[in-house]
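A quick write-up on the structure given underneath.
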Amino acid sequence: MPLSKGNNNSLGFVYKYKTISVDHLKELQEDIDKLYHEGKLSENKTYRQYLSTKKFVIPESFPNAKSIIVLAIATKLVLVNFQLDGKKHEIMIPPQYYDDGLTFEDLENLILKKLIKKPGFKIELAKGLHLKLLAVRSGLGDYGRNNLCYVDEMGSLITLYAYFTDFQFQEDNWREIKMMNICEHCNICTSNCPSNAISTLPEVNFVIDAGRCITLYNEIEGEFPKWISPDAHNALKGCMKCQLPCPANREAIKLIERFEDITEEETRMILEGKPEEELLNSLAEKLKMFYPSNANEAFPILKRNLEFLIR
């Protein structure tokens, strides 16, 4: 990843952060509960299972936590060529779907040495929070109409993290939920969504029909719903249809990284469903999307998605 512009050029990654008091956890949970009660959240089973794992509470393992640090790490869009029948098929891997080399040790060093700066304090990764809502409530970013969080200069090409700490930050950046001003009179994302998951109604704002979002289905195993058009698929995982043309991503989308080509033999083995050890090791190194140890789960999804993209 590129070197940080501004607050830390020595780290090797671009980041921004905000802090809020843990006193706001109740209000954050109320934000989600309100959407439930108003019927604005999709009834999709997979989506509801995901939401059930997210709660805004202080972890039992860290009862004396005082602040929450929210981090946005700039993450590039990746392109990789899959070779088949003498042709190169250029396929996207969106941010968050590959290992960018950043470690939790890197994040912990950043927080303890650059943000807290005082010895004796502890931090703990926040594993069960709704990170987009947390980032918007903290002022780190704004919602787009497409339900994604956008951070200035980074756009939506980000990875979000949150940490609890017993350090009391003086800055409490709490604010009201906000959608980007640019979204008010813009419908680029709604017109580009291939499954009509994004609403144009002003009263709905950033809440989308998650049950119609392609990303929900190409992250898990199983057949795609018949209402998803074959030509709607556009990335090896996730979906970039609403992000590529978004004006807020105009600069961030230019920072593209390329991975090593997938050979003709490797492409054929994927499509033929042959997860041999040598292939899995090669794909794990080239695509950085999975480890050989979890290939049994990742390979069938990779095979299915690639079939739609190439054939």
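The values are calculated or read from the model by the stated rules, or taken from the named source; none is laboratory data. Quantities reported herein were computed from a predicted structural model and do not represent experimental measurements. Cβ atoms come from the backbone with ideal geometry, glycine included; neighbour counts cover every protein chain shown.
Run down Ile177, Ile91 and say which single residue is farther than 27 Å from Leu25 by Cβ and among the hydrophobic types (A, V, I, L, M, F, W, C).
Numbers: Ile177 fails: farther than 27 Å from Leu25 by Cβ.
Checking each option against the conditions leaves just Ile91.
Could you please find all residues in segment 41-75 being without any contact (Cβ under 8 Å) to a residue 40 or more places away in the chain and either among the charged types (D, E, K, R) or surrounded by 20 or more Cβ atoms within 10 Å (Cβ to Cβ) (or both)?
Lys45, Arg48, Glu60
Name, by its number, the condition in (1) in contact (Cβ under 8 Å) with a residue 12 or more places away in the chain; (2) of a type outside the set (A, V, I, L, M); (3) assigned to a loop (DSSP other than H, G, I, E, B) that does not hold for Cys189.
Only one criterion is unmet by Cys189, namely (3).
Among (1) surrounded by fewer than 19 Cβ atoms within 10 Å (Cβ to Cβ); (2) farther than 25 Å from Phe308 by Cα, which single condition is Leu110 missing?
Only one criterion is unmet by Leu110, namely (1).
Could you please find all residues in segment 239-278 being surrounded by fewer than 17 Cβ atoms within 10 Å (Cβ to Cβ), of a type in the set (Val, Ile, Thr) and closer than 21 Å to Thr215 by Cα?
If the condition is that a residue be surrounded by fewer than 17 Cβ atoms within 10 Å (Cβ to Cβ), of a type in the set (Val, Ile, Thr) and closer than 21 Å to Thr215 by Cα, then Ile256 is the only one that fits.
So which residues in segment 219-251 are of a type in the set (A, V, I, L, M, F, W, C) and touching a Pro at 6+ places or on another chain (Cβ under 9 Å)? Give the derivation first.
Our first condition is that a residue be of a type in the set (A, V, I, L, M, F, W, C); within segment 219-251, this holds for 220, 224, 227-228, 232, 235-236, 239-240, 242, 244, 246, 248.
Scanning segment 219-251 gives Phe224, Ile228, Ala232, Ala235, Leu236, Cys239, Met240.
Of the numbered conditions (1) more than 22 Å from Tyr217 (Cβ to Cβ); (2) in a loop (DSSP other than H, G, I, E, B); (3) at pLDDT 95 or above; (4) not polar (S, T, N, Q), Arg268 fails exactly one; give the number of that condition.
Unmet for Arg268, out of (1) more than 22 Å from Tyr217 (Cβ to Cβ); (2) in a loop (DSSP other than H, G, I, E, B); (3) at pLDDT 95 or above; (4) not polar (S, T, N, Q): (2).
I'm checking my understanding of the structure. Among residues of segment 245-257 that are in a loop (DSSP other than H, G, I, E, B) and of a type outside the set (Lys, Arg), which one is farthest from Asn181 (Cα to Cα)?
First pass over segment 245-257, keeping only residues in a loop (DSSP other than H, G, I, E, B): 245-246, 250-251, 255.
Right, trim to of a type outside the set (Lys, Arg) and you get 245-246, 251, 255.
Details: Pro245: 17, Cys246: 13, Glu251: 18, Leu255: 24 Å.
Selected residue: Leu255.
Assess whether Phe169 counts as being among the aromatic types (Phe, Trp, Tyr), within 30 Å of Leu107 (Cα to Cα) and not in a loop (DSSP other than H, G, I, E, B).
Values: among the aromatic types (Phe, Trp, Tyr): yes; within 30 Å of Leu107 (Cα to Cα): yes; not in a loop (DSSP other than H, G, I, E, B): no.
The answer is no for Phe169.
Quick one: would you say Ile198 is farther than 30 Å from Asp152 by Cα, in a loop (DSSP other than H, G, I, E, B) and in contact (Cβ under 8 Å) with a residue 24 or more places away in the chain?
Numbers: farther than 30 Å from Asp152 by Cα: no; in a loop (DSSP other than H, G, I, E, B): yes; in contact (Cβ under 8 Å) with a residue 24 or more places away in the chain: yes.
So Ile198 does not fit the description; no.
State yes or no: is Asn146 part of a loop (DSSP other than H, G, I, E, B) and touching a Cys at 6+ places or on another chain (Cβ under 7 Å)?
Values: part of a loop (DSSP other than H, G, I, E, B): yes; touching a Cys at 6+ places or on another chain (Cβ under 7 Å): yes.
Spelling it out, Asn146 is indeed part of a loop (DSSP other than H, G, I, E, B) and touching a Cys at 6+ places or on another chain (Cβ under 7 Å).
Can you tell me which residue among Lys127, Lys226, Lys178 is out of contact with any strand residue (DSSP E or B) (no Cβ under 7 Å at 6 or more places or on another chain) and more than 30 Å from Leu306 (Cα to Cα)? If you could, list the steps in order and put the result at the bottom.
Values: Lys226 fails: more than 30 Å from Leu306 (Cα to Cα); Lys178 fails: out of contact with any strand residue (DSSP E or B) (no Cβ under 7 Å at 6 or more places or on another chain).
Just a single option satisfies the conditions, and that option is Lys127.
Those residues that are part of a loop (DSSP other than H, G, I, E, B) and of a type in the set (D, E, K, R), I need them from segment 107-143; list them, please. Walk me through how you get there before you give the answer.
The first filter runs over segment 107-143 and keeps only residues part of a loop (DSSP other than H, G, I, E, B), leaving 117-122, 126-130, 138-141.
Residues satisfying the conditions are Lys117, Lys118, Lys122, Lys127.
Name the residue, out of Glu260, Glu223, Glu278, that is farther than 19 Å from Ile91 by Cα and in a loop (DSSP other than H, G, I, E, B). Working first, answer last.
Values: Glu260 fails: farther than 19 Å from Ile91 by Cα; Glu278 fails: in a loop (DSSP other than H, G, I, E, B).
Exactly one of Glu260, Glu223, Glu278 is farther than 19 Å from Ile91 by Cα and in a loop (DSSP other than H, G, I, E, B), namely Glu223.
Determine which single condition Val78 fails, assuming it passes every other condition in (1) crowded, with 20+ Cβ neighbours inside 10 Å; (2) touching a Gly at 6+ places or on another chain (Cβ under 9 Å).
Only one criterion in (1) crowded, with 20+ Cβ neighbours inside 10 Å; (2) touching a Gly at 6+ places or on another chain (Cβ under 9 Å) is unmet by Val78, namely (2).
Can you spot a residue in segment 38-54 that is closer than 22 Å to Leu125 by Cβ and assigned to a loop (DSSP other than H, G, I, E, B)?
At the first step, the residues of segment 38-54 found to be closer than 22 Å to Leu125 by Cβ are 49-54.
Those still in the list that are assigned to a loop (DSSP other than H, G, I, E, B) too: 53-54.
Yes, segment 38-54 has at least one match.
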